[in-house]
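Asker: Attaching a single structure in structure tokens format; questions to follow.
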Amino acid sequence: MRYFLHLAYNGYNYRGWQRQTSSIGVQQLLEDTLSIIFKQKITCLGCGRTDAMVHSVQYFVHFDLDTAFDFDLVFRLAKSLPHDIVVFEVIPMEIGNEHARFDAIERSYSYFIHTDKDPYLHTLSSYYEYTNLDLAKMKQAADLLKNYTDFRAFCLSPDRHNSTICHITDVRLYTNKQKNRLRFEISANRFLKGMIRIIIAKLLEVGNDKLSIADFEAFLTTQERAVILKPAYPQGLYLSKVRYPFLDIPTRTEFWNIFNGIEWIEIKL
């Protein structure tokens, strides 16, 4: 039988989702915990990779068992996993060959920035000491992303991908009344290694008048990568939604409490 797990994690203390040889990833902790519970080796396949210190508000994995179980697995996982990893629900699959990674049709990410130093946000949002960012220009540049499909220029290792084609379905930029917080939202069928953090870094250059909108678009039209690619900080990035043809679960918004008190204003041209 195949099961999906719906979970979330604060990734600040981990080297991403994937199991590592020299450091700890979320996958290792989840697999080891499940293996103890079921008294057999359990392998979990996740909906995608996340970089070190990147968070996930909604994440899905699948694993297989020979026979069904009749106990509260969510409760046992809650007692066994670290406090920065939570499993919301266990979902039995009807067909049995549903795949957490390959069957996902859309993924959404959120990126949070604060421009005033805040000791309570340093692991949950990226601090950039910027003032007077040109949000209109950033929005104009961000909207260009929907017009292109080849994001080779925004990938850390394009030659490791079979394709650098991504279909972006939505891009949004928000700020608060004080304009000391930013929130970037992007959805697509897939993303490349480092892609979102590189986009954020380039948008910040646009907002600081260090990169023109025309030069930003040139990366998309020519697919030529910058000589030096420096992604934005990882801790501001969240995998926020994963959608399947057979599964579309709302994000558990109560886990965004640190951001829920903000009145977000969408930047529009």
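Throughout, read-outs are computed from the coordinates displayed, never taken from laboratory work. Since the model is a prediction, treat every value here as computed from it, not as a measurement. Neighbour counts are summed over all protein chains in view; Cβ atoms, including those assigned to glycine, are modelled from backbone coordinates with ideal geometry.
Asker: Report, to the nearest 10°, how far helix 26-38 tilts away from the longest principal axis of the Cα atoms in the chain, using its own Cα long axis and a range of 0 to 90°.
Answerer: Between helix and principal axis, roughly 10 degrees.
Asker: Compute the Cα gyration tensor for region 87-225, then decide on rounded, prolate or oblate, letting a ≥ b ≥ c be the square roots of its eigenvalues: rounded whenever a/c is under 1.5, prolate when a/b is larger than b/c in the other cases, and oblate in all that remain.
Answerer: oblate
Asker: Additional query: Pick from 196, 228, 24 the residue whose mean-square fluctuation is largest in a GNM of the chain, springs joining Cα atoms under 10 Å.
Answerer: Fluctuation is largest for 228.
Asker: With just the Cα atoms defining each centre, how far is region 6-75 from region 219-269? Give it in Å.
Answerer: 22 Å
Asker: Hey, in the GNM for the chain with a 10 angstrom Cα cutoff, which one of 180, 13, 97 fluctuates hardest?
Answerer: Maximum among the listed residues: 97.
Asker: Now for a separate question. Through the Karplus equation 6.51 cos²θ - 1.76 cosθ + 1.60, θ set to phi - 60°, convert the phi angles of region 230-240 into ³J(HN,Hα) values in whole Hz; use x for Gly and Pro.
Answerer: Listing the rounded values in order: 10, x, 5, 4, x, 6, x, 9, 10, 6, 10 Hz.
Asker: Can you pull out the GluC sites (Glu not before Pro) in region 43-139 that DSSP calls coil and that have at most 10 other Cβ atoms within 10 Å?
Answerer: Those satisfying the criteria are 94, 129.
Asker: OK, next. Let me see the pair-distance distribution of region 148-269: every alpha carbon pair, 10 Å bin width, integer percents in order.
Answerer: P(r) for region 148-269, in whole percents per bin: 11, 39, 35, 15, 1.
Asker: Taking only Cα atoms of region 70-164, what ratio of Rg to Rh do you get with Rh as the Kirkwood inverse-distance radius?
Answerer: Rounded to two decimals, Rg over Rh is 1.08.
Asker: Once fully extended, how much extra length lies between residue 123 and residue 209, figured as 0.36 nm per residue of separation less the alpha-carbon to alpha-carbon distance?
Answerer: Between residue 123 and residue 209, full extension yields an extra 28.2 nm.
Asker: Starting from the Cα of residue 167, step 7 Å along the direction of its Cβ; do the same at residue 32; then give the gap between the two resulting points in nm.
Answerer: Once both label points are built, they end up 4.0 nm from each other.
Asker: Can you pull out the trypsin sites (Lys or Arg not before Pro) in region 36-87 whose DSSP state is coil and whose Cβ has at most 12 other Cβ atoms within 10 Å?
Answerer: 39, 41
Asker: Return one number: the angle in degrees, 0 to 90 and rounded to the nearest 10, between the long axis of the Cα atoms of helix 135-144 and the longest principal axis of the Cα atoms of the chain.
Answerer: The helix 135-144 is inclined about 60 degrees to the chain.
Asker: Another question, then. For region 200-244, what is the convex hull volume of the alpha-carbon atoms per residue, in Å³?
Answerer: 123 Å³
Asker: Return 253, 21 ranked ascending by Cβ neighbour count within 10 Å, so the fewest neighbours appear first.
Answerer: If I rank by nearby Cβ atoms, fewest first, I get 21, 253.
Asker: Using Cβ counts within 10 Å as a stand-in for footprinting exposure, how do 170, 66 rank, fewest first?
Answerer: 66, 170
Asker: What are the extents of the Cα atoms of the chain along their three principal axes, listed from largest to smallest and rounded to whole Å?
Answerer: Sorted largest first, the three principal extents are 59, 40, 35 Å.
Asker: Amide H to amide H under 5 Å from residue 47: which residues, 5+ apart in sequence or cross-chain, H placed 1.01 Å off N in plane?
Answerer: 60
Asker: Within region 96-186, report the trypsin sites (Lys or Arg not before Pro) that DSSP leaves as loop and that have at most 12 other Cβ atoms within 10 Å.
Answerer: Answer in residue order: 117, 177.
Asker: Taking Cα atoms, how many degrees apart are the long axis of helix 195-207 and the longest axis of the chain, rounded to 10 and kept between 0 and 90?
Answerer: 20 degrees
Asker: Based only on the alpha carbon positions, what is the Kirkwood hydrodynamic radius of region 17-116, in angstrom?
Answerer: The answer is 15.2 Å.
Asker: Contour minus end-to-end for residue 12 and residue 230, with contour as 0.36 nm per residue of separation and end-to-end as the Cα-Cα distance?
Answerer: Length gained, residue 12 through residue 230: 76.6 nm.
Asker: Rounded to the nearest 20 Debye, what is the dipole magnitude of region 106-266 about its Cα centre when Lys and Arg each give +1 and Asp and Glu each give -1 at the C-beta?
Answerer: Using Cβ point charges on Lys, Arg, Asp and Glu, region 106-266 gives about 300 debye.
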